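Undergrad: I'd like to ask some things about the structure below.
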Amino acid sequence: MGIRSYISEPDRGRRKWKGKKKEQKAVYGNRSRMKRQKAKGLHRKRAEILERSFAHLLDSGGMRRALLRGQENIWKRYLIHACAFNLSLVMRQMYRAGTPRGLEALIRLFLRHLFAFLCSARPRLLSSAGESALSA
């Protein structure tokens, strides 16, 4: 298929490759690719995107210890948790705020700036409207 793996492997000690030439070639190829700069960049990206999100869900979100009975209920809770996390990422991309409180703060800031702009522009608007009324 033309797909190359960049998978880190644990240290398992010496391997026995007798009769496994194809597997040996794949593992050694992966090991040589892991030392390249591209692999290091991919691992950095993985740590930034995947590992951080899992850590957030499990540790910060409290999903490491779920107080539910039954695996099905735990999976439902995990799914809802992950959906909420993904929604926060979408909100962060679209509105530059990742939580509803952050969005509220952003809206308040926008309204405060809009009000300040309108208050500062009001005397100019009134004076230009008065001049046009006098000239007519």
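Undergrad: Condition first: surrounded by fewer than 12 Cβ atoms within 10 Å (Cβ to Cβ), acidic (Asp, Glu), at pLDDT 85 or above and in a helix (DSSP H, G or I). Can you find one or more residues in the range 20-33 that meet it?
TA: yes
Undergrad: Filter the range 70-102 for residues that are part of a loop (DSSP other than H, G, I, E, B) and exposed (fewer than 14 other Cβ atoms within 10 Å of the Cβ) and give the result.
TA: Answer for the range 70-102, where residues must be part of a loop (DSSP other than H, G, I, E, B) and exposed (fewer than 14 other Cβ atoms within 10 Å of the Cβ): Gly70, Arg96, Thr99.
Undergrad: Can you say whether Ala47 is surrounded by 12 or more Cβ atoms within 10 Å (Cβ to Cβ) and of a type in the set (A, V, I, L, M), as far as the supplied structure shows?
TA: When the stated conditions are applied, Ala47 does not pass them.
Undergrad: Note down all Cβ pairs under 7 Å where the first residue falls in the range 57-69 and is outside any loop (DSSP other than H, G, I, E, B), the second is not β-branched (Val, Ile, Thr), and they're at least six residues apart or on different chains.
TA: Hits for this filter: Leu57/Met63; Leu57/His81; Leu57/Ala82; Leu57/Phe85; Leu58/Arg64.
The values are calculated or read from the model by the stated rules, or taken from the named source; none is laboratory data. None of the values given here were measured: they were computed from a predicted structure. Neighbour counts run over all protein chains shown; Cβ positions are idealised from the backbone, glycine included.
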